[in-house]
Amino acid sequence: MSTAAKRRMTADDAIEKLATASSGQNDNALVIMFMKGEERRESLIREEMEARQLERHKLAQERLRREKREDEEREEQRREREVERKERQAAIEREREEREEAQKLRLLELELTMKRLSGYGSSNGNAI
């Protein structure tokens, strides 16, 4: 229970005591005391409402900070995934280029071998 709520309960108790006071007391003093009690009670209610509003405001600020931090973390993770994806794509592209280059070399070797072999079978017997 908040401090303001405890104070309000105390004020409510005081008001009840005033209302049930013996009829031998001065009615004007009783009314004045009752009105002061009501003012105090209203003041305590306002304090409690302000405290609750402040707490809601603090919670909202904390929620916004947490959401911002989570958004930043998600964005960082997204950037990291994008970098990893680009690295994988680059590795795949390098492997493809290496395979193509190796295939070209094999074709050149094959052509060279074919030319050598065709040179052995020529009528003049000269090899390339």
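Couple of notes before you dig in:
- Residue, modelled with the highest pLDDT, within the range 11-27, restricted to residues that are part of a helix (DSSP H, G or I) and open to solvent by 90 Å² or more (accessible area, probe 1.4 Å): D27
- L107 being at pLDDT 95 or above, open to solvent by 80 Å² or more (accessible area, probe 1.4 Å) and more than 30 Å from D13 (Cβ to Cβ): yes
- The range 28-54, subset among the basic types (K, R) and surrounded by 15 or more Cβ atoms within 10 Å (Cβ to Cβ), residue nearest to D13 (Cα to Cα): R41
- Filtered residues of the range 60-84 (kept if open to solvent by 100 Å² or more (accessible area, probe 1.4 Å) and over 15 Å from the mean Cα position of the chain (by Cα)): R79, R81
- Residue list for the range 36-87, restricted to those being touching a residue at least 12 places away in the same chain (Cβ under 8 Å) and among the β-branched types (V, I, T): I45
The values are calculated or read from the model by the stated rules, or taken from the named source; none is laboratory data. Just so it is clear, the model here is predicted, and its values are computed rather than measured. When we count neighbours, we look across all protein chains shown, and the Cβ atoms used for this are built from the backbone with ideal geometry, even at glycine. Accessible surface areas use protein heavy atoms only, side chains included; no ligands, DNA or RNA. Shrake-Rupley method; radii C 1.70, N 1.55, O 1.52, S 1.80 Å.
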